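**Q** Take a look at the following structure, please.
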Amino acid sequence: LWRDTGALLDRQSVHIDSSQPEKVTDGTLPASLPVIAAAAAVPRIDQPPITGAKPKTPPAPDAVNATRGDAYTLKIGEYASSELTRARRKVENSGLTPVVQDGPRRDKTVTRLYVGTFSKEVANQQLARLRKVKASGFLIKDKNGSYQVIAGSFFSQQGAFKEQKRLAGLGIELSLKKTHVSVPTTVLSAGKFPTREAALEVGAKLKQLGLSPVVLENG
């Protein structure tokens, strides 16, 4: 085989120099070649897992206020002086402590017990007569200088009828007249409650007493 190969090469004018044989390696890298260091390990940053958690729903107002004993109160109403006493007494009878504050002026319809219109001298005589029978009488001066004698003024028409009947039994005849007046009011409130439901429960009991309480949230 080799002789045939050599003869073939001679015919093709190809000459091989066998004095410097080719070096063949065993597959290992020469010791003189640089060795590439392995890449430095990159520290791992642990990321929190991404979840589909929903944002927290803020607690309901009553859940927050449950820790406060004074979160709610009951506004009983706005009353003129003559009305306040009865409402306050009902609140006290229910076991609550009434709280009063100055309120705004309000236009109110009142029923007056009208005795008549007189001169100043006669009007004073009529007023003295009313005071003897413990009526809440007063005088109103007209533009012409005469005086109206009033035996009492009532926000409740029922109260006016009752006083009219009493004075009639004492021989004092009078008539009823309605009019509008601006009067100062007093705001009546009561109770301290941790939740709206607790306030409503007590308010329902006050309604049975003829009051009209409203639940208010304290700031």
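Rule-based calculations on the coordinates, nothing more; no lab input. Just so you know, these numbers come straight off a predicted model, no measurement behind them. Note: ideal-geometry Cβ built from the backbone for every residue, glycine included; neighbour counts use all protein chains shown.
**Q** Out of residues 5 or more away from residue 80 or on other chains, whose amide H comes under 5 Å of its own, with H placed 1.01 Å from N in the peptide plane?
**A** The list, which skips near neighbours in sequence, is 186.
**Q** Then there's this: Please list 3J(HN,Hα) in residue order for segment 212-219, calculated via the Karplus relation 6.51 cos²θ - 1.76 cosθ + 1.60 where θ = phi - 60°; whole Hz, with x for glycine and proline.
**A** 3J(HN,Hα) across segment 212-219, in whole Hz: 10, x, 10, 7, 10, 8, 6, x.
**Q** Another question, if that's okay. Could you put 214, 91 in order, starting from the residue whose Cβ has the fewest other Cβ atoms within 10 Å? Intermediate values should be presented prior to the final figure.
**A** Values: 214 12, 91 22.
Least to most surrounded, the residues fall as 214, 91.
**Q** A follow-up question, please. Using the C-alpha atoms of segment 132-181, what convex hull volume per residue, in cubic angstrom, is computed?
**A** Here the figure is 94 Å³ per residue.
**Q** In addition: For segment 75-92, take each phi angle, set θ = phi - 60°, evaluate the Karplus expression 6.51 cos²θ - 1.76 cosθ + 1.60, and give the result in whole Hz per residue in order, putting x for glycine and proline.
**A** Values, residue by residue: 8, 6, x, 10, 10, 6, 4, 6, 8, 5, 4, 5, 5, 5, 5, 5, 5, 5 Hz.
**Q** Could you pull out every residue, at least 5 positions away or on a different chain, whose amide H is within less than 5 Å of the one on residue 112? Hs are placed 1.01 Å off N in the peptide plane, and Pro or chain starts have none.
**A** 154, 177, 178, 179
**Q** Using only the Cα atoms, what convex hull volume per residue in Å³ does segment 96-219 have? Before the final figure, lay out the partial values.
**A** Numbers: hull volume 17.6 nm³, N = 124.
In segment 96-219, the Cα hull volume divided by residue count equals 142 Å³.
**Q** On a full-extension model of 0.36 nm per residue, what is the gain between residue 82 and residue 138, subtracting their alpha-carbon distance, rounded to one decimal in nm?
**A** Working: separation 56, 0.36 × 56 = 20.16 nm, distance 1.57 nm.
Between residue 82 and residue 138, full extension yields 18.6 nm more.
**Q** Still on this model: Please list, ordered by chain and number, the residues whose modelled amide H lies under 5 Å from the amide H of residue 71; skip anything fewer than 5 residues away on the same chain.
**A** When sequence neighbours closer than 5 places are left aside, the close amide H contacts are 193.
**Q** Among 76, 140, which comes first, second and so on when ranked by fewest other beta-carbon atoms within 10 Å? Mind showing how you got there, number by number?
**A** Working: 76 26, 140 13.
Listed from fewest to most nearby Cβ atoms, that is 140, 76.
**Q** Okay, moving on. Between the DSSP loop rule and a limit of at most 10 other Cβ atoms within 10 Å, which trypsin sites (Lys or Arg not before Pro) in segment 75-141 are left? Could you put the intermediate results ahead of the total?
**A** Working: sites: 75, 86, 88, 89, 90, 105, 106, 108, 112, 120, 129, 131, 132, 134, 141; in loops: 134.
Loop-located and lightly packed - 134.
**Q** Give me 201, 121 sorted ascending by neighbouring Cβ count inside 10 Å, so fewest comes first. Numbers along the way, then the final one.
**A** On the way: 201 11, 121 8.
By the 10 Å Cβ count, ascending: 121, 201.
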